[in-house]
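Input: a single structure, listed below in structure tokens.
The values are calculated or read from the model by the stated rules, or taken from the named source; none is laboratory data. Remember, predicted model here, so these are calculated numbers, not experimental data. Every residue, glycine among them, receives a Cβ derived from its backbone with ideal geometry; neighbour counts consider all protein chains shown. When the accessible area is computed, the model is the full protein with side chains, heavy atoms only, and any ligands, DNA or RNA have been set aside. Shrake-Rupley method; radii C 1.70, N 1.55, O 1.52, S 1.80 Å.
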Amino acid sequence: MGKKLVLTATLLSLATPAFAADIIAPAPVKAPVAAQIFSWTGFYIGAHGGGAWSKWSGMDPTDPAATWSSVTASGGVAGGQIGGNYQISNFVVGLEGTGAWSSVKLSSNSPFGGGAGFVFSLKNDYIATVAGRFGVAFDRVLLYAKGGAAFTRDKYYVNNGLAGALAGSASGSFNRTGWLAGGGVEWMFMPNWSVRAEYNYMGFGAISEQPVTTGNLVATPANVKLNIQTGTVGVNYHF
């Protein structure tokens with residue numbers, strides 16, 4: 001009997017440390033999950049709207065004494081954009097194309113030397129751009145500059161306001177290519193969605209424009225320069 005007790009006590013003394021170790025062994029600790037780093041890299045598509053201001057400056061090249069005269073007009077713009085970004089450290093580079101309908105229109109007497117009875121209409125009916133974007137990212141906020149090419153169209157309509165044999169009119173449509181410089185700020189306010197505000201200045205060099213006339217109206221050619229400024233807000237969906 002004594003031997004059995006000694007044997008039992010010995011077995012318990014040997015088993016107790018292993019048993020205790022099983023009881024107090026710490027649970028395995030999982031490695032912490034690294035926080036996901038936000039990036040502007042990817043493609044996007046969106047829409048924008050706002051205001052536009054055009055300034056035309058014209059001169060009659062057939063008149064040696066002619067000087068430049070200018071007119072201005074304003075209106076709204078609404079359109080869309082598509083582009084892509086690539087982020088390197090805190091810097092973001094990208095390429096974007098935009099296209100917008102424009103309601104910029106001037107309606108008045110002829111500003112380029114016409115008589116008092118002439119009704120003159122001049123407008124830019126679309127504005128499109130292709131530009132590079134260069135920015136600095138502060139997490140989900142992006143400050144950027146833009147530079148590239150701009151496209152628009154001058155559309156004329158002139159009516160001399162007379163009737164019968166004296167009636168006359170003129171019309172013309174002239175596409176333009178120029179340059180763009182601008183910038184803006186964009187904020188990724190929720191996954192895949194951002195909002196932005198942007199300003200652009202566009203310059204179009206002088207081109208010769210001569211509308212086609214009908215009836216009792218003669219139109220001389222004009223050298224016409226154009227500047228456009230736009231201020232817009234927009235929203236983008238990022239893929």
Just grab the label-to-label distance for Trp179 and Asn216, each label 7 Å out from Cα along the Cβ direction, in nm (one decimal). 4.7
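For Tyr237 and Asp60, calculate 0.36 nm times their separation in residues minus their Cα-Cα distance, and state this gained length in nm to one decimal.
59.0 nm
Length gain on complete extension for the stretch Ala165 to Ser89, per 0.36 nm per residue less the alpha carbon to alpha carbon distance?
The Ala165-Ser89 span can extend by a further 20.2 nm.
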Sticking with the crude label model, points 7 Å out along Cα→Cβ, report the distance from Val119 to Ala47 in nm, one decimal please. 3.4
Heavy-atom accessible area with a 1.4 angstrom probe orders Met202, Met190, Met59, most exposed first, as Met190, Met59, Met202
